[in-house]
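Bear in mind these aren't lab numbers, they're just calculated from the coordinates by the rules spelled out. As the structure is a computational prediction, the values presented were derived from the model and not from experiment. Cβ sites come from the backbone with ideal geometry, for glycine too, and all protein chains shown count toward neighbours.
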Amino acid sequence: MKFIISPFFLLKKISNISKVIIRKPIISSLENFLFEIIDGSLTIVGSDLQNFIISKFSINSNENISVLVPAHILIDTLKILPDKNIIFSIDKDKYIIEIISKNGNYKLLGKNSDEFPNIFIKRSLNTIKIPSLILKKIIYNTAIISNNDELKLSVNGINIIMDKIGMTVITTDGYRLVKYFRNDINFYIKKNFIISKRSFLLLNSLLSNISNKIEVEFNNNNIYLKINNIIMVSKLVFEEYLDYQSIIPNKNLYNLNIYSNNLLMSLRRLLIYTNTKTRFIEFRIKKNSLSLVAENSNNNKAIEIIYCKYSGINININFNAKLFIELLGIISSKEIKIFFSISNQACVVQPGKKLKNESLLLLIMPIILT
């Protein structure tokens with residue numbers, strides 16, 4: 001079976017798909033693209049078992065065939081070929097793929113497509129359209145604060161809740177929590193599901209040059225996203241998400257107002273003077289004053305005092321400076337509000353001004369010294 005194609009065009013099609021492919025996967029067939037030609041249409045699929053990325057386009061071929069093509073060597077070959085049409089030849093009995101160009105011939109050993117995991121896509125009536133700019137903002141505000149431990153699925157993923165009121169997205173890494181809400185994305189019934197962090201980051205990479213609306217479908221097993229001519233299917237995480245409402249303090253809170261950039265730059269400077277393991281900085285809070293104190297095991301020490309608006313009780317509380325800096329990076333407003341209760345309970349961080357169609361709540365746990 002043969003067809004003629006531009007190497008640049010083919011490379012462009014498989015570049016997005018290649019983002020899902022990992023090196024040395026559990027199943028060796030996942031190092032390959034699935035090429036499936038049916039009735040003059042070529043479907044290319046990449047997968048890591050949790051996610052499938054699919055592209056489909058027309059080619060000039062009268063034969064039907066299905067084969068696995070080694071991903072990395074195909075990509076590397078297409079990258080260095082001049083943009084002159086090539087002949088893509090597939091021997092369906094020996095699984096040999098041959099690329100014929102004016103520069104030479106290149107043979108790749110493929111595999112039987114039966115070794116590739118099945119893609120089970122059950123389409124759903126649960127369908128919404130989300131503008132890509134909003135989806136990018138949702139990912140930006142939440143994906144950084146999530147657990148990297150693949151064994152802790154209940155906190156590794158991103159919890160999404162949709163109902164008639166709006167859409168709430170919750171992520172946590174065990175030390176911090178983000179609750180992001182939008183009232184301009186809603187659904188006629190309540191739906192609650194978890195997407196893995198990897199799926200979220202893959203989606204973000206596919207959105208890089210997209211400006212239109214994204215079609216989203218979901219059922220009890222999968223979420224299905226149509227991004228221009230790319231389809232992404234991700235398996236949902238079947239775990240109970242933590243009871244995040246119970247860990248957000250809402251009583252006896254003392255409010256500190258401060259310029260975000262002032263706090264951010266102070267923390268970055270004082271981070272140099274912290275121990276590399278704990279990274280903790282002491283916050284000494286009293287009326288209209290925040291003192292930041294950092295000291296390491298070599299007796300290097302730094303202190304900075306920042307003016308703020310605060311009228312609560314005096315509090316001394318310790319935080320991991322690195323985690324706090326990452327948290328502040330999410331907030332775009334000039335001023336922030338930090339709510340404290342007592343020195344051993346989490347504090348809440350929010351933008352100083354209310355945002356249109358959205359609300360953002362950040363939570364960070366203190367370091368308890370013994």
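Could we say that ILE331 is touching a residue at least 12 places away in the same chain (Cβ under 8 Å), touching a strand residue (DSSP E or B) at 6+ places or on another chain (Cβ under 9 Å), crowded, with 18+ Cβ neighbours inside 10 Å and part of a loop (DSSP other than H, G, I, E, B) here? When the stated conditions are applied, ILE331 passes them.
Only one entry in ASN221, ASN261, ASN228, ASN212 is over 30 Å from LEU49 (Cα atoms) and of a type outside the set (Phe, Trp, Tyr), namely ASN261.
Of all residues assigned to the range 245-255, at least one qualifies as being under 30 Å from LEU201 (Cβ atoms), in a loop (DSSP other than H, G, I, E, B) and among the hydrophobic types (A, V, I, L, M, F, W, C). Selection of first residues in the range 300-316 that are touching a residue at least 60 places away in the same chain (Cβ under 8 Å) and of second residues that are among the hydrophobic types (A, V, I, L, M, F, W, C), restricted to Cβ pairs under 8 Å at least 6 apart or on distinct chains, gives the following pairs, ordered by first then second residue: ILE315/PHE283; ILE315/ILE285; ILE315/PHE340; ILE315/ILE342. Taken over the range 257-293, the criterion of being under 21 Å from ILE368 (Cα atoms) and in a strand (DSSP E or B) is satisfied by PHE280, ILE281, GLU282, PHE283, ARG284, ILE285, LYS286, LEU290, SER291, LEU292, VAL293. Residue-level analysis places SER211 outside the set of residues that are farther than 27 Å from ILE22 by Cβ, without any contact (Cβ under 8 Å) to a residue 12 or more places away in the chain and hydroxyl-bearing (Ser, Thr, Tyr). The set of residues from the range 156-175 being surrounded by 22 or more Cβ atoms within 10 Å (Cβ to Cβ) and over 23 Å from SER132 (Cβ atoms) comprises just one member, THR172.
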